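This report concerns only the one structure given below.
The values are calculated or read from the model by the stated rules, or taken from the named source; none is laboratory data. This one's a predicted model, so the numbers in the text were calculated from it and none came from an experiment. We place every Cβ from the backbone using ideal geometry, glycine too, and count neighbours over all the protein chains shown.
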Amino acid sequence: MKRLPSSQRPLPGEFSVSEFDLISRLQEIICNPPGNDTAGCVVGIGDDGAVLSVPTGKELVVCTDTLVAGVHFPLSTHPEAIGHKALAVNLSDLAAMGAGPAWFFMALTLPAEDGKWLDSFATGMAGLAEKAAIVLAGGDVTCGPLSITITALGLVDQGSALVRSGAVPGDLIVVSGKPGAAAHALKKLSGGETPTTLDLKALEYPEPRLDLGRLLCGMATSCIDISDGLVSDLGHILRQSGVGAEIELEKLPCPDSLRTQALEDRLFLQLAGGDDYELCFTFPSGLVHELPRLSRSSGVDLTVIGAINDRKSLEFMTSRGERYEPGLTGYRHFGGQNVVES
């Protein structure tokens, strides 16, 4: 994805703010220059709708997410980070389906005119869009409480999309990265403390595992991103596959910042904290030798943390072979966050 040279872009705050000015500004910073249709966007911003060309032999994957200020990110979050994360959460869903990013649409609601804020927001989004090779093809801008809704579209080979319903007994359960860092950062911020640099980056600048998702097509039996917490999201795989699972807690990869935490606190953040845009997937045990290659190719650490069984429950085991009852769910959009169940 190409961007206009800085010499051809208006300086922050130098445009008269109206809905059309805002759309034009976003287009200049984020979109391909007019006339570039290499990404299959036949008609983009400027008409009543986009016209997209889906290549023969491909299927379209569509996902959407809304971020609301004060709910999905702290009000003090830098606008560049907001722009990055708003797109990242959708790209993470495409990654979980094994899709290659193609186009996205954005509905942006702004509380006030602020050219500098918009520039920073768009710059954060444009950086990730360029890296992911995804094109802004349309959307809407309106006035109201700050929120960002993005619909992302990706492409997969016909019949190859990763889903949640394919896990079978005997499969390994694998997680990418080290869950818990983002939740730890949010906990620190909520308490008026300063998170570590790595934890704050995990919260504000998550990296969608797009390369890993594409590599898993044809190999993983199911996949999901764990943005709502490992317990909650793995639970979706178990329910839709009609299976159970056993997690070995000592195998759960731990961020450095959590190593000194009390066990209960650490497990709460790692299992139910949310905001981890990592992938959890099930993998045939007979292909376990492929995991190191997948890790090298994707540039992401992969850790086997358990296995699928036929007991239709989710169990946690300690290193001593004892069952552990964390009493956790994950993020709930209605009813609170990180709910602890009795």
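Could you check how many residues of region 164-199 are of a type in the set (Val, Ile, Thr) and out of contact with any helix residue (DSSP H, G or I) (no Cβ under 8 Å at 6 or more places or on another chain)?
Let us first name the residues in region 164-199 that are of a type in the set (Val, Ile, Thr), namely 168, 173-175, 194, 196-197.
So of that shortlist, the ones also out of contact with any helix residue (DSSP H, G or I) (no Cβ under 8 Å at 6 or more places or on another chain) come out as 197.
Residues meeting the conditions: 1.
Which members of region 280-307 meet the condition of being free of Cβ contacts under 8 Å to residues at least 12 places away in the same chain and among the charged types (D, E, K, R)? Lay out the reasoning, then the answer.
Step one: list which residues in region 280-307 are free of Cβ contacts under 8 Å to residues at least 12 places away in the same chain, which gives 286, 289, 292-293, 295-296.
ARG293, ARG296, listed by residue number.
Just to verify a result, which residue in region 233-290, among those that are more than 25 Å from the chain's Cα centre (by Cα) and among the polar types (S, T, N, Q), is modelled with the highest pLDDT?
Filtering region 233-290 for residues that are more than 25 Å from the chain's Cα centre (by Cα) and among the polar types (S, T, N, Q), the one modelled with the highest pLDDT comes out as SER285.
Six or more apart or on different chains, Cβ under 9 Å: which pairs go from a residue in region 30-51 that's assigned by TED's automatic domain parsing to the domain that holds LEU108 and at pLDDT 70 or above to one that's surrounded by 12 or more Cβ atoms within 10 Å (Cβ to Cβ) and basic (Lys, Arg)? Could you list them?
Every condition considered, the pairs that remain are ILE30/ARG3.
Scan ASP119, ASP157 and give me the residue that is within 26 Å of GLY57 (Cβ to Cβ), of a type in the set (Asp, Glu) and touching a residue at least 40 places away in the same chain (Cβ under 8 Å).
Details: ASP119 fails: within 26 Å of GLY57 (Cβ to Cβ).
Of the residues listed, the single one that is within 26 Å of GLY57 (Cβ to Cβ), of a type in the set (Asp, Glu) and touching a residue at least 40 places away in the same chain (Cβ under 8 Å) is ASP157.
Within region 258-290, how many residues are within 16 Å of THR196 (Cβ to Cβ) and of a type in the set (A, V, I, L, M)? Write out each step before concluding.
The first filter runs over region 258-290 and keeps only residues within 16 Å of THR196 (Cβ to Cβ), leaving 258-261, 265-266, 269-270, 273, 275-276.
This time we only want the ones that are of a type in the set (A, V, I, L, M), so: 258, 269.
Here the count works out to 2.
Just the residues that are in a helix (DSSP H, G or I), surrounded by fewer than 16 Cβ atoms within 10 Å (Cβ to Cβ) and among the hydrophobic types (A, V, I, L, M, F, W, C), please, taken from region 283-318.
LEU287, VAL288, listed by residue number.
Quick check on region 164-184. Is at least one of its residues of a type in the set (D, E, K, R) and within 21 Å of the chain's Cα centre (by Cα)?
Filtering region 164-184 down to residues of a type in the set (D, E, K, R) leaves 164, 171, 178.
Adding the requirement that they be within 21 Å of the chain's Cα centre (by Cα) leaves 164, 178.
Checking region 164-184: at least one residue is of a type in the set (D, E, K, R) and within 21 Å of the chain's Cα centre (by Cα).
Among the candidates ALA167, ALA161, single out the residue that is more than 25 Å from GLY46 (Cα to Cα), touching a Gly at 6+ places or on another chain (Cβ under 8 Å) and modelled with pLDDT of 95 or more. Outline the logic, then answer.
Working: ALA167 fails: touching a Gly at 6+ places or on another chain (Cβ under 8 Å).
Just one listed residue meets the conditions, ALA161.
Listed here are the residues, each with its yes/no results for (1) in the same structural domain as CYS63 (by TED's automatic domain parsing); (2) at pLDDT 95 or above.
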| position | (1), (2) |
| --- | --- |
| ALA152 | yes, yes |
| LYS178 | no, yes |
| GLY192 | no, no |
| LEU200 | no, yes |
| ALA220 | no, yes |
| CYS223 | no, yes |
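Just one of the numbered conditions (1) hydroxyl-bearing (Ser, Thr, Tyr); (2) over 17 Å from LEU249 (Cα atoms); (3) touching a residue at least 24 places away in the same chain (Cβ under 8 Å) is not true of SER313; which one?
(2)
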